[in-house]
Amino acid sequence: MKYNENFEKLPKSYVFSQMAQKIADKKKRGGERIINLGIGDLKLPLFECSVNQMKIACEEMRIEKTFKGYPPAEGYEFLRQKISNEYIDNFISVAPDEVFITDGAKGQLGNILELFGQKSRVLFLTPCYPAGAEANILYGNEVTFLSGSQENGFFPSPPYGEKYDVIYICSPNNPTGSCMTYEKLGEWVNYALFSGSVIVYDNAYSVFVSGDFPKSVYSVKNANKCAIEINSFSKSFGFTGIRCGFTVIPKSVGEYNRLQKRWLGCRCNGVSYISQRGAEAVFSRIGREEVKRRVNFYKTNAEILKIALKNLKLWYNNTVHSPYVFAKTPHGVSSTEFCEYLLEKTSLAVTDGAGFLTGGEGYFRLSAFLPREDILETADRLERIDLGEIATQNR
Ligand code: PLP
């Protein structure tokens, strides 16, 4: 029977499924409790303001007069308006009808490619979260990876002389934690305008940006002529299980705003009313304070992990814009080998850098989305590692 042969071009399983399998195998062998710093899922619960609003929304659904059926495919006006206001508060003009509510960023990284058509030439700045690239490969697009490195802060410069239809950029970046400067992002925006490309800007970690760095692609001049921004409430509002996010498609970027509305007609029945009310609640004063507190909590976790790595004399990307720590394996050991070693010796599960496409080999990623006790325990266990042993094994 016919099937999509592009599946054969993907790795045998998704990076986080591979990890889950290794953790399950290790559990079967027994030993110390496994601390999972691999997948970027959250362990801390929802904010109370979200939960309260979702309870009210459930109650509305119980009563015939206030019951809601299918939501508007583009999202409820109340939430699109709040998101638009948030941009305006940051001096960026985004109208409510340029905001599309989604069930999170992952699906959106793939769905968006239907706006560009088949056989698009697509560039990914790597290492990066692999979902968008895998979706493009499945769709049969021509996918190119351009790797960053320690030398350029994991963000390469635009490849003038080459032309792509679409450029995916993730900043703050998962896994490296690097955040584009205004200058670097400006280079990419200018390149996109010069070469007629669209930037798909994955901004899922925008709440982690601090200091004088761009919190949105639209804070760079003329980006509203060439960029689509994808965001998520997963990491900011703790919505990995609730599912809600948004995509901004300015009307000034070609036909895509109109096409997205048409796309919704045939491909989407919207996002749950309850989720959208839960998200709306976080745009309140109390909600914003909760986000700030939570972000600081995760950032402190990341700092604790960095100190442990520093004591081990391992290189790590010293950025303050991320809930992840991206570190280099010792003695040139492959990232797969090192992650397996860590799991075996210390029962710490971390993510293999090689799972984040090109440029990730030789690195590993630790997530700071854990309760403080687990982070402190991780730091203790890391102190136990004998790097000399790894060097001997690798000789
Ligand atoms: N984009 C990046 C860079 C991510 O790291 C993730 C999840 O880890 C996602 C998108 C997916 O987010 P969501 O939970 O909204 O689907």
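Here LEU138 fulfils each of the conditions (1) in contact with a helix residue (DSSP H, G or I) (Cβ under 7 Å, 6 or more places away or on another chain); (2) more than 21 Å from ARG258 (Cβ to Cβ); (3) within 16 Å of the ligand (Cβ to nearest atom) apart from (3).
Scanning the stretch 240-250 for residues that are part of a loop (DSSP other than H, G, I, E, B) and either farther than 21 Å from PHE297 by Cβ or more than 7 Å from the ligand (Cβ to nearest atom) (or both) gives GLY241, ILE242, ARG243, CYS244, ILE249, PRO250. The numbered conditions (1) at pLDDT 95 or above; (2) of a type in the set (Asp, Glu); (3) under 22 Å from the mean Cα position of the chain (by Cα) are all true for ASP41 except (1). Scanning the stretch 260-285 for residues that are touching a Pro at 6+ places or on another chain (Cβ under 8 Å) and buried (at least 17 other Cβ atoms within 10 Å of the Cβ) returns GLY270, VAL271, SER272, TYR273, GLN276.
Could you list, in sequence order, the residues of the stretch 286-299 that are out of contact with any Leu (no Cβ under 9 Å at 6 or more places or on another chain) and open to solvent by 20 Å² or more (accessible area, probe 1.4 Å)? Can you show your working first?
First, pick out the residues of the stretch 286-299 that are out of contact with any Leu (no Cβ under 9 Å at 6 or more places or on another chain): 286-293, 295-296, 299.
ILE286, ARG288, GLU289, GLU290, LYS292, ARG293, ASN296, LYS299 - these are the residues of the stretch 286-299 that are out of contact with any Leu (no Cβ under 9 Å at 6 or more places or on another chain) and open to solvent by 20 Å² or more (accessible area, probe 1.4 Å).
Filter the stretch 352-377 for residues that are part of a helix (DSSP H, G or I) and surrounded by 23 or more Cβ atoms within 10 Å (Cβ to Cβ) and give the result. GLY353, GLY355, PHE356, ILE375, listed by residue number. Tallying residues that are of a type outside the set (A, V, I, L, M, F, W, C), assigned to a loop (DSSP other than H, G, I, E, B) and closer than 22 Å to LYS235 by Cα within the stretch 304-351 yields 6.
Among the candidates GLU98, GLU142, GLU151, single out the residue that is touching a residue at least 24 places away in the same chain (Cβ under 8 Å), open to solvent by 10 Å² or more (accessible area, probe 1.4 Å) and not basic (Lys, Arg).
Values: GLU142 fails: touching a residue at least 24 places away in the same chain (Cβ under 8 Å); GLU151 fails: touching a residue at least 24 places away in the same chain (Cβ under 8 Å).
Step by step, each of GLU98, GLU142, GLU151 is checked, and only GLU98 is touching a residue at least 24 places away in the same chain (Cβ under 8 Å), open to solvent by 10 Å² or more (accessible area, probe 1.4 Å) and not basic (Lys, Arg).
Residues that are small (Gly, Ala, Ser), at least 2 per element: which helices (runs of 4 or more DSSP H) completely within the stretch 15-104 meet that?
Per the criteria, 15-29, 48-62.
Cβ-Cβ distances below 8 Å connect the following pairs, each with a first residue in the stretch 349-361 that is touching a residue at least 40 places away in the same chain (Cβ under 8 Å), a second residue that is open to solvent by less than 30 Å² (accessible area, probe 1.4 Å) and among the basic types (Lys, Arg), and a separation of six or more residues or different chains: ALA349/LYS26; VAL350/ARG365; THR351/ARG365; GLY353/ARG365; PHE356/ARG365. Against the definition (of a type outside the set (Val, Ile, Thr), within 14 Å of the ligand (Cβ to nearest atom) and within 18 Å of GLY107 (Cα to Cα)), how does PHE154 come out, yes or no? When the stated conditions are applied, PHE154 does not pass them. For the stretch 94-132, the tally of residues that are within 11 Å of the ligand (Cβ to nearest atom) and of a type in the set (D, E, K, R) stands at 2.
The values are calculated or read from the model by the stated rules, or taken from the named source; none is laboratory data. These numbers were taken from a predicted model, which means no experiment stands behind them. A quick note on method: Cβ atoms are made from the backbone with ideal geometry, for glycine too, and the neighbour counts reach across all protein chains shown. Accessible surface is based on the protein model in full, side chains and every heavy atom, while ligands, DNA and RNA are left aside. Shrake-Rupley method; radii C 1.70, N 1.55, O 1.52, S 1.80 Å.
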